[in-house]
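Asker: I have a structure I would like to understand better, so I am pasting it below and will then ask my questions one at a time.
The values are calculated or read from the model by the stated rules, or taken from the named source; none is laboratory data. What you see is a predicted model; the values in this text were computed from it and never measured. Counting neighbours? That spans all protein chains shown, and the Cβs are built from the backbone with ideal geometry, glycine included.
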Amino acid sequence: MENSSSSSNSSAPLAWHDFLDRMRHPSASDFVKSIKSFIVSLSNKAPDPEKDSAAVQEFLAKMEGAFRAHMLWAGCSEEELESAGEGLEKYVMTKLFNRVFASLPEDVLSDEELFEKISLLQQFIRPENLDIKPAFQNETSWLLAQKELQKINLYKAPRDKLICILNCCKVINNLLLNVSIASHEDPPGADDFLPVLIYVTIKANPPQLHSNLLYIQRYRSQSRLVSEVSYYFTNFLSVESFIWNVDAASLSMDEEEFQKKMESARVHILGLSTNRESQRTQTNQEQNGQIVDSFRNPGTHTITREYSDPPQMHEGSNDLEQDQPTTAESSISRLEEQGAVELLKDAQCSKYFQEFPYFYANAGDLTVDDVHRLLDSYKRLVLMYVTRSRGRTEGSSNTNTESEDGR
């Protein structure tokens, strides 16, 4: 059974490392081969969520049974065997994550549609729209539950994602319970809990929510989706269903008011998007103007952050590649529209700038994936710089020696 208490969370890393340590033992070589073989086999097949889920569940159950009969776990407690099963699931699903998470186009589309719908609801929904009792309305305290839920995309293992959901639910449940105790009322029931969970989820709006829930359903060991875990997770599935089917009646509104608020929300979000784009364009134009002036008047302007961004490189390549995100490309296109493309007609200048795809990007253009690429590129750039610097230094030293010998 899942437990999101601090003691459980602190022991989870220990259990994970214990599993890895046992897998390094020579007697576990057959286990290691089986695990790697399964991962490779599934990775080489076309995505089929139903078959993939069945295959993973069967493999995990089979391996856990084998653990019980192996000398590595001889005399171990049920808790230690449970930890082994958790470690196995975490390892396998972390390796398979990119292959099985949001593996179908329809899942990706559902993620986008759900995120957009929640974004609209965020603009106008209030606790009273969900009939949340005034005593339970505490948006400041609900922020903690939102933050727990928003962590869900930081993890790859089904259990870790599920823990984010459980923590969110338990924060809400504890808040409701404390209010009930303070007011000497009966403990809160599902009719009190679910509306608050819906509201918190809408306010949090974690990306890829649909795919996260499907991923947990498909790849979390079924033997562990029970009891309290099953209760909270089922409630969360109800939240998703509510949002998909939300209408005027479910928000205590008349149809005309609901449609008006949804349309107003669309206009508001479109306006925010347009304003951000305008601000980005204006910022780029100002920066581009400074770049143009610095070329016309060398030494009058100093380019700092724009030029400090490292080049992006492809995995396994020693060459610098021009492979930038769409947002960076659009920034460059704006620069070209301003006439700065004339500056890049010089072959040498063009070569230098094309090797730095993030040169024209703003901080707002970057995504989380870009940060990982930039960090990797930075490390590669440092290695290249040090290597080349040493090469020049040694080359210069050799040249001087040869010159002296020649004399």
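Asker: Looking at (1) in contact (Cβ under 8 Å) with a residue 12 or more places away in the chain; (2) in a helix (DSSP H, G or I), which one does Ala102 not meet, given that it meets all the others?
Answerer: (2)
Asker: Checking the conditions here, which among Pro188, Pro195 is outside any helix (DSSP H, G or I) and either in contact with a strand residue (DSSP E or B) (Cβ under 8 Å, 6 or more places away or on another chain) or closer than 27 Å to Thr140 by Cβ (or both)?
Answerer: Pro188
Asker: When only residues in the stretch 226-268 that are in a helix (DSSP H, G or I) and among the small types (Gly, Ala, Ser) count, which is nearest to Phe193 (Cα to Cα)?
Answerer: Among residues in the stretch 226-268 that are in a helix (DSSP H, G or I) and among the small types (Gly, Ala, Ser), the one nearest to Phe193 (Cα to Cα) is Ser238.
Asker: Could you check the stretch 132-174 and list, in sequence order, the residues that are over 26 Å from the mean Cα position of the chain (by Cα) and not in a helix (DSSP H, G or I)?
Answerer: Scanning the stretch 132-174 gives Ile132, Lys133, Gln137, Asn138.
Asker: Now for a different question. Please enumerate the residues belonging to the stretch 180-232 that are among the acidic types (Asp, Glu) and within 17 Å of Pro134 (Cβ to Cβ).
Answerer: Within the stretch 180-232, Glu185, Asp186, Asp191, Asp192 qualify.
Asker: Suppose we filter Ile132, Ile181 for residues that are of a type in the set (Val, Ile, Thr) and touching a helix residue (DSSP H, G or I) at 6+ places or on another chain (Cβ under 7 Å); which single one remains?
Answerer: Ile132
Asker: Take the residues in the stretch 6-36 that are surrounded by 11 or more Cβ atoms within 10 Å (Cβ to Cβ) and small (Gly, Ala, Ser); name whichever of them is modelled with the lowest pLDDT.
Answerer: Ser8
Asker: In the stretch 108-153, what count of residues is obtained for those that are small (Gly, Ala, Ser) and within 15 Å of Ala204 (Cβ to Cβ)?
Answerer: Of the residues in that region, 3 qualify.
Asker: Across the stretch 80-111, which residue is surrounded by the fewest Cβ atoms within 10 Å (Cβ to Cβ) among those that are out of contact with any helix residue (DSSP H, G or I) (no Cβ under 8 Å at 6 or more places or on another chain) and among the charged types (D, E, K, R)?
Answerer: Only one residue tops the list, namely Glu106.
Asker: Can you give me the number of residues within the stretch 155-198 that are in contact (Cβ under 8 Å) with a residue 40 or more places away in the chain, β-branched (Val, Ile, Thr) and in contact with a Pro (Cβ under 9 Å, 6 or more places away or on another chain)?
Answerer: 2
Asker: Next up: Could you tell me how many of the residues in the stretch 233-249 are more than 15 Å from Lys117 (Cα to Cα) and of a type in the set (Gly, Ala, Ser)?
Answerer: The total comes to 2.
Asker: Whether any residue in the stretch 123-131 is assigned by TED's automatic domain parsing to the domain that holds Arg220, within 30 Å of Leu251 (Cβ to Cβ) and under 25 Å from the mean Cα position of the chain (by Cα) is what I want to check.
Answerer: Yes: one or more hits.
Asker: Can you give me the number of residues within the stretch 195-233 that are at positive phi and crowded, with 20+ Cβ neighbours inside 10 Å?
Answerer: Residues meeting the conditions: 1.
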